[in-house]
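Everything on this sheet refers to the single structure shown next.
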Amino acid sequence: QVQLVESGGGLVQAGGSLILTCAASGDIFRINPMGWYRQAPGKQRELVATITRGGRTNYGDSVKGRFTVSRDNAKNTVYLQMNSLKPEDTAVYYCNAVDSWADSWGSYENNYWGQGTQVTVSS
């Protein structure tokens, strides 16, 4: 099992910045990648950003150029630096970690989620 604990959400004015932090613990040795997703009221959960152990990143189109995901492998922690925030960034942000492995019968994957942290951007 993997436990994910998020912190750093809150209320910020449009144009402001926030940093989200997610610390992983438990059976983490196979975790790769880690990242962030978000869900706004009435909308589906969407990709914000992910990062592999090797540092390869992937961003959702709506946050490219404004958000930066980073990872400290020694601390098993992933960060999301959010700049130039917009009201449409308002959502619950969820940390995600993927545990994948394979054996002679096939490949497997478990997705772990944090409890979510609210980010509210006022106009």
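Hey, does the stretch 98-120 have a residue that's hydrophobic (A, V, I, L, M, F, W, C), closer than 18 Å to residue 17 by Cα, touching a residue at least 60 places away in the same chain (Cβ under 8 Å) and crowded, with 17+ Cβ neighbours inside 10 Å?
yes
Within the stretch 47-58, work out how many residues are more than 19 Å from residue 92 (Cα to Cα) and either surrounded by fewer than 20 Cβ atoms within 10 Å (Cβ to Cβ) or in contact with a Phe, Trp or Tyr (Cβ under 6 Å, 6 or more places away or on another chain) (or both).
Qualifying residue count, the stretch 47-58: 7.
So residue 85 ticks every box in (1) more than 19 Å from residue 37 (Cβ to Cβ); (2) part of a loop (DSSP other than H, G, I, E, B); (3) of a type outside the set (Ser, Thr, Tyr) but one. Which box is left unticked?
For residue 85, the exception is condition (1).
Take residue 74 and tell me if it is among the aliphatic types (A, V, I, L, M), part of a loop (DSSP other than H, G, I, E, B) and more than 20 Å from residue 11 (Cβ to Cβ).
So residue 74 fits the description; yes.
Among the listed residues 54, 10, identify the single one that is small (Gly, Ala, Ser) and touching a residue at least 60 places away in the same chain (Cβ under 8 Å).
Matching residue, one of 54, 10: 10.
Which members of the stretch 63-83 meet the condition of being open to solvent by 60 Å² or more (accessible area, probe 1.4 Å) and closer than 21 Å to residue 118 by Cβ?
Let us first name the residues in the stretch 63-83 that are open to solvent by 60 Å² or more (accessible area, probe 1.4 Å), namely 64-65, 68, 73-75, 79.
Passing the criteria: 68, 79.
Out of everything in the stretch 6-46 that is at pLDDT below 95 and β-branched (Val, Ile, Thr), what residue ends up being most open to solvent (accessible area, probe 1.4 Å)?
Across the stretch 6-46, the extreme among qualifying residues is 28.
Does any residue in the stretch 16-39 that is hydroxyl-bearing (Ser, Thr, Tyr) come within less than 7 Å, Cβ to Cβ, of a residue that is outside any strand (DSSP E or B) and open to solvent by less than 60 Å² (accessible area, probe 1.4 Å) six or more places away or on a different chain, and which pairs are these?
From residues that are hydroxyl-bearing (Ser, Thr, Tyr), the pairs are 17/83; 17/85; 21/8; 25/76.
The values are calculated or read from the model by the stated rules, or taken from the named source; none is laboratory data. Quick caveat, the model's predicted, so the values are computed rather than measured. FYI the Cβ positions are ideal-geometry reconstructions off the backbone, even for glycines, and counts take in every protein chain you see. Note: accessible area is taken over every heavy atom of the protein model, side chains too, but ligands, DNA and RNA are not part of it. Shrake-Rupley method; radii C 1.70, N 1.55, O 1.52, S 1.80 Å.
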